[in-house]
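Nothing in this text is a laboratory measurement; each read-out follows from the coordinates by a stated rule. The structure displayed is predicted, hence computed values, not measured ones. Because the Cβ atoms are built from the backbone with ideal geometry, glycine has one as well, and the counts that use them run over all protein chains shown.
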Amino acid sequence: MAGMGDAREKSDVADVRAGSENRLPSGRERTLLVREMFDRIAGRYELLNAVMSAGLNRLWNREVVRATGLRSGDQAVDLACGTGSLTRDLAKRVGEDGYVLGIDFSRGMLQVAEARPAPNVEYRLGDATRLDGVPSGAFDAATIAYGARNIPDLDALFSEMARTLRPGGAAVCLEIARPTNKVFGAFYGLWFDKIVPRLGAKLSGDARAYSYLPESVKEFVAPDELSDIMERNGLQDVTWRRLAGGIITLHSATRRR
C-alpha cells in the first residue's frame, strides 16, 4: 500500500509541475509542490537565505525569539522549522533545562537540521495543520518563520498553534511581505522579483524553487487579514509590525486564557 501511495503522490507532483508555470496551485497540490521543492534545495537552503537577505535573516530570527518571551526552562514548538535555524536559536534561549520541538513536512530539510543536534531539541516529520502526537496546552511559545505562506489552510495552522499553547502562551509568525513604501517597494521589485530568482537558480541549480518565492509572497494574505485569521483561531492580543523597510512582518499573539 505504501508503494501505491508513493506512486500516486509522484504522479500528483508531476501534474503540478506541468501546470505550475503560470500559476501557483492550491490545497494538496500546493503542499506536494512545496515539499518536493524544499527536499531538492535543503542542502543549500541556509546559505541561500543568508546570501539573499544579506545576513539579516539572523537578526530577524532574534526578533522572533525576543517576541516569544521565552525564559530558561520553557518549552517551545517551531513549525515549518526547515533546517532548524530558528529552532536552534529558541533552544539557546530556553537553555539546557528547556525543550524545543521542531516540525517540518520535508524530510530533506529535517535531515539537514538533524545534522546539527542539540540535547534540548527534537525534530519530527509532520503537518503544521494537523499536529498528530503533539499535546494540547504543553508549550510556552509556538513559532513559524517564512512558512505560513506555504500553507494553504491558515485557519488550521493557527488553530493548531493555539491548541498546543498553554493559556497565555505566545504565538509568533515571521513572514516575507510586499512593502508599502515606494522606495522600498521599488527595491523589493528589483531584488525579490528579478535578482533573487536568478541568484537562487545559479546557487542552487533550481530555477523553479526561487521563482516560487516572489509568486508566493504576491499571493499571501495582507498583514491585517493574517491578524484576523489568528484572532478567529483561539489567539488574542494580536499585534504586528514591519521590519527591514516593510519586506518582513512580525505577528505576535497569545492564546486565550
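Tabulated data for the structure shown
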item: Charge tally in the Cβ shell below 13 Å around Val51, where Lys, Arg are +1 and Asp, Glu are -1, Val51 excluded; result: +3
item: The chain - share of DSSP beta bridges that are antiparallel (%, nearest 5); result: 45
item: Per-bin percent of Cα-Cα distances, the chain [5 Å]; result: 1, 6, 13, 18, 20, 18, 13, 8, 3, 0, 0
item: Mean separation of Cα contacts under 8 Å, 6 or more apart, over the residue count of the chain: relative contact order %; result: 17
item: Semi-axes of the equivalent ellipsoid for region 40-153, Cα gyration tensor, largest first, Å; result: 20, 17, 14
item: Modelled FRET efficiency - R0 22 Å, Ser136 with Arg232, Cβ distances, 0.05 increments; result: 0.75
item: Estimated vicinal HN-Hα couplings, Hz - region 169-179 in sequence order (Karplus 6.51, -1.76, 1.60; Gly, Pro = x); result: x, 9, 10, 10, 10, 10, 8, 6, 9, 8, x
item: Gain on full stretching of the segment that runs from Asp155 to Val183 - 0.36 nm per residue minus C-alpha separation; result: 6.8 nm
item: Full-stretch length increase - Lys218, Glu114 - with 0.36 nm per residue and alpha-carbon distance subtracted; result: 34.2 nm
